[in-house]
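Notes for the one structure printed next.
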Amino acid sequence: MEEKKVVLITGGTRGIGSEIAKKFAKEGCNLVLNYVSDSTDVEKIKSEFDEYGIDVLVLKADVSVFEDCENLVKEAIAKFGKIDILVNNAGITKDTLIAMMKEDAFDKVIDVNLKGTFNVTKNVVPYMMKKRSGNIINISSVVGIVGNAGQSNYAASKAGIIGFTKSLAKELAPRNIRVNAVAPGFIDTDMTSVLSDKVKENINLQIPLKRMGKAQEVANVVSFLAGNESSYITGQVINVDGGMVM
Ligand SMILES: NC(=O)c1ccc[n+]([C@@H]2O[C@H](COP(=O)([O-])OP(=O)(O)OC[C@H]3O[C@@H](n4cnc5c(N)ncnc54)[C@H](O)[C@@H]3O)[C@@H](O)[C@H]2O)c1
């Protein structure tokens, strides 16, 4: 029997991260799911994967803290001995216009979204290099490509992720490690549930497919990028946005 792949997903216990986890679980991968909130019910989350016959490690770590990420990766390696696929999914927003944006709102979003992606990747890559194989998928956003009023901090973090992705793709290709980004448009999760119905209606009008996306639709593309079907793709940004940005 083929050895199970191990997938580490940051912010993997809800929203898009949780759907990515379920997709890999269906494919028979073992999972390391990272969370940050103390209110997370770890046992309940583990039990959601009972039906798949896989091992699931659910670990607390704040991705913006380097030491947390060192420990996260060490624990994952202690349990599974390897990480085949890393999905840098954890992310936050602190939206407001630049005139009102406090320094802390800028720093926090960069620290979690961009620095967090570095912190986890930096700790995972040595193990992938040693194995001469691996797959990294970073969750960016279409906002990182086209910008959005009121999201200068978020857009900067997500554009940064794209530069990071392309640079690492070039660095790590000789080691047989592929690095790609997925740029979702408007996806129906907790992150977008704060938007009013009016705002959502307006957004839908600007989307050629005339609806918000589902977290599963992002997960499908992450799974494609992590698998052999995409073996000649690296350094790319794939939009999952109903045609919003083209
Ligand atoms: N929902 C959308 O429309 C949309 C669009 C484009 C990109 N994205 C990106 O997709 C990713 C997932 O977002 P979502 O919509 O599922 O939102 P969400 O708020 O439901 O999930 C975000 C996850 O990140 C985790 N997280 C936040 N801060 C963290 C930290 N410091 N350390 C560890 N984990 C942390 C949260 O606990 C949560 O599990 C994010 O990177 C987001 O920017 C979402």
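What is the helix-to-structure angle for 197-206, meaning the angle in degrees between its Cα long axis and the longest Cα principal axis of the chain, kept from 0 to 90 and rounded to the nearest 10? Between helix and principal axis, roughly 80 degrees.
Computed from Cα positions, the angle between helix 152-172 and the longest principal axis of the chain comes to roughly 30 degrees.
For the chain, what class follows from the C-alpha gyration tensor (a ≥ b ≥ c being the square roots of its eigenvalues): rounded when a/c is under 1.5, otherwise prolate if a/b is larger than b/c, else oblate? Display every interim value, and only then the final one.
Details: a/c = 1.45, a/b = 1.42, b/c = 1.02.
Rounded, because the longest to shortest axis ratio a/c is under 1.5.
With contributions of -39500 (n - 2.57) from each DSSP H run of at least four residues, the per-residue ellipticity at 222 nm computed over the chain stands at -13000 deg cm²/dmol.
Give the ranking of Y232, Y127 by solvent-accessible surface, highest area first, calculated with a 1.4 Å probe.
Y232, Y127
For F24, F80, give the ranking by accessible area with the largest first, probe 1.4 Å. Spell out each step's value before the answer.
Numbers: F24 0, F80 40 Å².
Solvent-accessible surface, decreasing: F80, F24.
Using a 1.4 angstrom probe on the protein heavy atoms only, line up S152, S64 by accessible area, largest first.
S152, S64
Here's the picture: charge each Lys and Arg Cβ at +1 and each Asp and Glu Cβ at -1 in segment 6-240, and of I139, V6, I238 the one pushed furthest to the positive end of that dipole is I238. Using heavy atoms of the protein chains and a probe of 1.4 Å, the accessible area assigned to E75 is about 100 Å².
Restricting attention to segment 192-244, which GluC sites (Glu not before Pro) occupy a DSSP loop and are surrounded by at most 11 other Cβ atoms within 10 Å? Spell out each step's value before the answer.
Working: sites: E201, E217, E229; in loops: none.
For GluC sites (Glu not before Pro) across segment 192-244 that sit outside H, G, I, E and B with at most 11 neighbouring Cβ atoms in 10 Å, the list is empty.
With respect to the chain, whose longest principal axis is taken over its alpha-carbon atoms, helix 215-226 is tilted by about 50°.
The values are calculated or read from the model by the stated rules, or taken from the named source; none is laboratory data. Here the structure is a predicted model, which means the values were calculated and not measured. For neighbour counting, all protein chains shown are included, and Cβ atoms are generated from backbone atoms with ideal geometry for every residue, glycine included. Surface areas here come from the heavy atoms of the whole protein model, side chains and all, with no ligands, DNA or RNA. Shrake-Rupley method; radii C 1.70, N 1.55, O 1.52, S 1.80 Å.
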